[in-house]
Amino acid sequence: MTARPNAARFVLGVLPIVLVPAAFIAARSWLETALGDTMMTVVAGAVAIFVMGYANYFAFRFQRGQDEVRQAGLGFAAQWGVPAGQAAFVLLLLLPPFQDLATRLVGDFAGDDATGVDRSVVVSAMTLGFCAIVLLQTIGLAVVNSIWWMARR
């Protein structure tokens, strides 16, 4: 049985996942002025790739130090946590307070007041984006599974 993970090390490990997007959002207007729209899009993509990559690295590193019982629990969480999170997001999209929040955040992020942003457009865009992410995850799963089976031959 492994020892309990140190809480301070865990928090330090999770910190970049929280700080990098927060710093990006805080510096967004300055970056947009200094770099322009095209480079701002590139920086936003780089931030997203960093956060996804670091989150996966952190999860794999955390799982490596666990015994087989905890690894089984993490496997169960990985198998069922993603569909549960996806279902929660879809259910949140149905709630008008969440729709209003999303509309306000999009308006604030665009530098516009929330009255200029149509709620149905925001919800539709979020729904289409979510569907695209799920579709790409499914395609990625099929491709990686095919690669694994080819490597076993």
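Points to keep in mind about this one:
- Scattering profile of the range 1-85 at q = 0.20 Å⁻¹ [log10 I(q)/I(0), Debye over alpha-carbon scatterers]: -0.98
- Our summary gives the chain a relative contact order of 15 percent, counting only alpha carbon pairs under 8 angstrom and 6 or more residues apart.
- Alpha carbon centroid spacing (whole Å) that separates the range 132-153 from the range 75-114: 26
- Counting only alpha carbon atoms, the long axis of helix 7-26 and the longest principal axis of the chain meet at about 20°.
- Here is the size of the chain from its Cα atoms: Rg then Dmax, 19.3, 59 Å.
- Hydrodynamic analysis of the range 80-153 uses the Kirkwood radius over alpha carbon pairs. Inserted into Stokes-Einstein at 10 °C and 1.306 mPa s, it gives a translational diffusion coefficient of 110 µm²/s.
- Within the shell defined by Cβ-Cβ distances under 15 Å, the residues around Gly45 carry a net charge of -1, with Lys and Arg each +1 and Asp and Glu each -1.
FYI, it's all coordinate maths here, none of it is from the lab. Being a predicted model, the structure only gives us computed values, none of them experimental. Note: ideal-geometry Cβ built from the backbone for every residue, glycine included; neighbour counts use all protein chains shown.
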